[in-house]
Amino acid sequence: MKKYVLFDLDGTLTDSREGILNSIEYMLEYYGIHVEDREQLVPWLGPPLKDSLMKYYGFSQEKALEGVEKYREYFDRQGIFENRVYPGIEEMLGRLRNMGCHLMVATSKPEVAARRVLEHFRLDSYFDYIGGATLDDSRVNKADVIRYVLDTKGITYGKETVMVGDREHDVRGARENGLQVIGALYGYGSREELEEAGADWIAKTVEEIPGYVRGESPMDEGC
């Protein structure tokens, strides 16, 4: 049984694909880059945007930071709410709270934006803490965000804590902090990606998560 459960946000609690992809396209068009097939941008869902700009289009760090600001023009205006909560999330969070778990968010999305999203969907009350990236990207790496949340809440015993996330950087970031990981297969990552990154369990559905938190089969009665 885990006492603390950390959640990623995009692709784990909410399906923010539409708003993120619209914001990325808006930003890329500013630089004269037109993407014919939006599926090419799916790998951008999850990792820090700055890293993706440098990886896929060879932006310098300075230009990538400029691109992040352009992305936020659209995202802060409307993309942030082109979003939906995955079915079953609120019920799952309620079950975990009833089990005595302390819930937190650890996201590479700017912390101020993460709070806006969770408040908009009225999910913020389920969490003891909502932690995210800084607006200047000085804290954006997933391992750093997770460490920030753990330090803020004074959590030092890793075996009591589990991370839930849908992409490899969630898994690797948690591993760097000595945490076990539940891979959210219903999100944006594939089973292969999550397993290769080292996820301890793979939850095919939202409803399976409480079972893994209790250390039981997700199909066990009462989990």
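The values are calculated or read from the model by the stated rules, or taken from the named source; none is laboratory data. The structure presented is a predicted model; accordingly, all values stated were derived computationally and were not measured. All Cβ positions, even for glycine, are placed from backbone atoms using ideal geometry, and neighbour counts span all protein chains on display. All accessible areas refer to the heavy atoms of the entire protein, side chains included, with ligands and DNA or RNA removed. Shrake-Rupley method; radii C 1.70, N 1.55, O 1.52, S 1.80 Å.
Scan segment 186-201 for residues that are within 20 Å of Leu103 (Cβ to Cβ) and surrounded by fewer than 23 Cβ atoms within 10 Å (Cβ to Cβ) and report the count. Steps first, please.
Taking segment 186-201 as the starting set, the residues that turn out to be within 20 Å of Leu103 (Cβ to Cβ) are 186-187, 199-201.
Add one more test, that the residue is surrounded by fewer than 23 Cβ atoms within 10 Å (Cβ to Cβ), and what stays is 186, 200-201.
Here the count works out to 3.
Residue by residue, here is whether (1) among the acidic types (Asp, Glu); (2) over 21 Å from Val140 (Cβ atoms); (3) open to solvent by 10 Å² or more (accessible area, probe 1.4 Å) holds:
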{"residue": "Tyr4", "(1), (2), (3)": "no, yes, yes"}
{"residue": "Leu21", "(1), (2), (3)": "no, no, no"}
{"residue": "Glu39", "(1), (2), (3)": "yes, yes, yes"}
{"residue": "Leu45", "(1), (2), (3)": "no, no, no"}
{"residue": "Gln61", "(1), (2), (3)": "no, no, yes"}
{"residue": "Glu66", "(1), (2), (3)": "yes, no, yes"}
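Of all residues in segment 122-143 being in contact (Cβ under 8 Å) with a residue 24 or more places away in the chain and not in a loop (DSSP other than H, G, I, E, B), which is farthest from the chain's Cα centre (by Cα)?
By that ranking, first place goes to Tyr126.
Among residues belonging to segment 47-59 that are open to solvent by less than 30 Å² (accessible area, probe 1.4 Å) and outside any helix (DSSP H, G or I), point out the one that is nearest to His169 (Cα to Cα).
The selected residue is Pro48.
Among the numbered criteria (1) crowded, with 21+ Cβ neighbours inside 10 Å; (2) out of contact with any Ser or Thr (no Cβ under 8 Å at 6 or more places or on another chain), which single criterion is violated by Arg172?
Only one criterion is unmet by Arg172, namely (1).
Can you tell me which residue among Ala64, Ala106 is small (Gly, Ala, Ser) and closer than 14 Å to Val164 by Cβ? Can you show your working first?
Details: Ala64 fails: closer than 14 Å to Val164 by Cβ.
Every option except Ala106 fails the conditions.
Looking at (1) assigned to a loop (DSSP other than H, G, I, E, B); (2) touching a residue at least 40 places away in the same chain (Cβ under 8 Å); (3) β-branched (Val, Ile, Thr), which is the one condition that is false for Val35?
Answer for Val35: the failing condition is (2).
So which residues in segment 175-185 are within 21 Å of Ile155 (Cα to Cα), outside any loop (DSSP other than H, G, I, E, B) and open to solvent by less than 50 Å² (accessible area, probe 1.4 Å)?
Result: Val181, Ile182.
Given the residues Asp144, Asp151, Asp137, which is the only one that is on the phi > 0 side of the Ramachandran plot and of a type outside the set (A, V, I, L, M, F, W, C)?
Unique residue meeting the criteria: Asp137.
Out of the residues in segment 151-167 that are in contact (Cβ under 8 Å) with a residue 40 or more places away in the chain and not in a strand (DSSP E or B), which is least open to solvent (accessible area, probe 1.4 Å)?
Asp166
Would you confirm whether or not segment 75-84 contains a residue that is under 16 Å from the mean Cα position of the chain (by Cα), basic (Lys, Arg) and surrounded by fewer than 16 Cβ atoms within 10 Å (Cβ to Cβ)?
Scanning segment 75-84 turns up at least one residue that is under 16 Å from the mean Cα position of the chain (by Cα), basic (Lys, Arg) and surrounded by fewer than 16 Cβ atoms within 10 Å (Cβ to Cβ).
I'd like to check something: does segment 118-132 contain any residue that is out of contact with any helix residue (DSSP H, G or I) (no Cβ under 6 Å at 6 or more places or on another chain) and either modelled with pLDDT under 95 or within 30 Å of Glu62 (Cβ to Cβ) (or both)?
no
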